[in-house]
Amino acid sequence: MGLLHCHAVGMAALLSCAAPAMAKTVPADVVFTNGYIYSVDRKDHVYQALAVKDGHIAYVGSNVKAARYVGPATQRVDLGGRMMMPGLVDGHMHPLEGGKSLMGCSLDYQALTHDEFSQRVRACVANSALRRPNGTLVVRGWFQEAMKPAGVRLTKEDLDRIDPRRPIVVRSTFGHTTLVNSVALRMAGITAATKAPPGGEIVHDAKGQPTGVLEDVAQDLIERVDPPLSADENVQAARASLAAMREQGITGFLDAWALDADLSSYAALQKSGELTARAHFAPLVEPATGTDVAGNVQRLKSIAAKYDQGPIGVDPGITVRNVKFFMDGVIAAPELTGRVLQPYYVNTGTKGAPDWVPGTSLGPAPYFPPAVLGPLLQGVVQAGFDPHMHADGDGAVHIALDGVQYVRAHLPHADFRPALAHDELVSPDDLPRYRPLGAVAVLSFQWEKEGPDTVDAGRDFLGPERAKAMEPAWPLYKAGARIAYGSDWPVDRLNEWFALKVGVTRTNAPEAGEKYAHPLGDAPGLPRPEVLRAITMNSSWELRSDTLTGSLERGKLADLIVLDRNVMQVPAVDIADTKVLLTMVGGRVVYNRDGSIPLKAVAGTVP
Ligand SMILES: [Zn+2]
């Protein structure tokens, strides 16, 4: 790195050692100067200059000292005061699904009226390029809960009016509901007599006819109309996901439910030199197989043997070191599939005159009973994997922490990094357990706001105390928990900067309107340094890449981004509109917004 170690003393040292150390610094590939370089190092130091050599950070510090790294072939970039920070590491997302959401027709998660919905779908119908090879138009990004006015219900007739001849399939953003037109119902063979599969519902009208709305597992019935994507289409989706990530400044991610389609698609893109983010994958352990520890471990090992590429290097690679478990579903109405410690409330009054009182349901039975979870986690940890547990309700969080505690007790020297994803509700008694158990809370900050899916859907089913305690980022932070960020894309549209803004303010976007303008709950937002650390250093820790990514420090990989504004200094509300100007991964420029940063491809690192 250009650092000479000198052990000689006296005059000899001055001549033969100190002087060359000053003069013979190896020239860097790129030297950035005059920046606001937010390092996310231990003390969040801010520097002026940074030098990149062979994909690594050769120097970070002052303009004056950075000048030593400038040689004849070095590219020099004057940042003009702009902010640079580590590349974003998204600790929980579903990138292939996200990529699919960018293909075809999308309603962009917008709150639409009935007419706006029809106009948007009609525009897609007119564009034949948006259809699947079999002719089906798939419409994604339908924010069903946010339809205006609240309570609007759509049926097959709404789609029949747009196109009565060709199949249309509309997918909701939450993934629980699909709406189809009459042609699609016919093609799928769904009639008034069709029975819904267990765990699903075919919604019927007053006359007993299917309305075109299919819930949960019943969505599988239209597989003939909207078949699984081909391998080529999957690669296209993966490619689209990476383009979106580069633009947001994402240089690493965890695929938090990795199927073979995910792994093979990103592996294919790596081969063609198109993998522009460090890709981490967490295959799923199904609850039904929970007692088969050996079988699961063997399956996970064989997936890792096929795809994992070992320690990360300069060019983005693929790791399979995390394993996904679902502890529960979601604590949102009407699903109420989150596991809670105290019963959900039920309305014993009427809709007009409600009377919410504690009921008897704690949500579904634990997906992994505690007696099964402990030994299962132990086996997975012993095999070298880090558990990544979806835990939404406080009951699920409690069980997950107990599972971690079990492993800590049985394997006191094991080096493992358990993650609890979502943590939307955490019992006050469990808040202080994260830190000593070494568990990281992977939060989705964008949920910490009022919106159609919280205010309108109501939180009465939790009772007043728990409703106020939703999204406990602040109490977790105060309890010393390590907090990482995961977008859960495409449950929400990919917008990391909006999420970071919500993490600070706990408010919705001003455009969302007066109704949702209040901060969520009583707790404050997180300090900005903590929010930025969550999506860089702490998510790198979660993915075991913290010695090489997550901060801008000498010797680490040059995974960095340059922003159009200083997110430490602008009003918090403006963080949401941040534009990334430059994304660099392992010293390679993978995104340069409209060429705004005068920087050519960096030699030696382009595949
Ligand atoms: Zn998820």
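Only one of the listed residues (Val372, Val397, Val357) is of a type in the set (A, V, I, L, M, F, W, C) and either assigned to a loop (DSSP other than H, G, I, E, B) or under 27 Å from the mean Cα position of the chain (by Cα) (or both). That residue is Val397. Which pairs turn up if I take residues in the stretch 484-495 that are on the phi > 0 side of the Ramachandran plot and look for partners that are in a loop (DSSP other than H, G, I, E, B) and near the ligand (Cβ under 10 Å from one of its atoms) with beta carbon separation below 8 Å, at least 6 apart in sequence or on another chain? Matching pairs, first to second residue: Asp488/His94; Asp488/Ala256; Asp488/Ser444.
Can you name the residue in the stretch 457-487 that is surrounded by 23 or more Cβ atoms within 10 Å (Cβ to Cβ) and not hydrophobic (A, V, I, L, M, F, W, C) and, of all such residues, is nearest to the ligand (Cβ to nearest atom)? Across the stretch 457-487, the extreme among qualifying residues is Gly486. For the stretch 372-383, the count of residues that are in contact (Cβ under 8 Å) with a residue 60 or more places away in the chain, of a type outside the set (A, V, I, L, M, F, W, C) and more than 26 Å from Asp430 (Cβ to Cβ) is zero.
Residues that are part of a helix (DSSP H, G or I), modelled with pLDDT of 95 or more, of a type in the set (D, E, K, R) and not assigned by the TED database to the domain that holds Gly200 do occur in the stretch 303-311, at least one of them. Residues in the stretch 178-215 that are of a type outside the set (Gly, Ala, Ser), within 20 Å of Arg131 (Cα to Cα) and in a strand (DSSP E or B): Thr178, Leu179, Val180.
When Glu511 is tested against (1) open to solvent by 20 Å² or more (accessible area, probe 1.4 Å); (2) in contact (Cβ under 8 Å) with a residue 12 or more places away in the chain, just one condition goes unmet, and that condition is (2).
Candidates are the residues of the stretch 488-502 that are at pLDDT 95 or above and closer than 16 Å to His176 by Cα; the one that is nearest to the ligand (Cβ to nearest atom) is Asp488. For Met537, only one of the following conditions fails: (1) at pLDDT 95 or above; (2) more than 16 Å from the ligand (Cβ to nearest atom); (3) in contact with a helix residue (DSSP H, G or I) (Cβ under 8 Å, 6 or more places away or on another chain). What is its number? So the condition that Met537 fails would be (3). Annotation: of all residues in the stretch 254-265 being in a helix (DSSP H, G or I) and in contact (Cβ under 8 Å) with a residue 60 or more places away in the chain, the one that is farthest from the ligand (Cβ to nearest atom) is Ser265. Taken as a whole, the condition of being at pLDDT 95 or above and not aliphatic (A, V, I, L, M) does not apply to Pro354.
The values are calculated or read from the model by the stated rules, or taken from the named source; none is laboratory data. Model, not experiment: these values are computed from the prediction. Note that we place each Cβ from the backbone using ideal geometry, even for glycine, and neighbour counts take in every protein chain shown. What goes into the accessible areas is simple: the full protein's heavy atoms, side chains included, and nothing from ligands, DNA or RNA. Shrake-Rupley method; radii C 1.70, N 1.55, O 1.52, S 1.80 Å.
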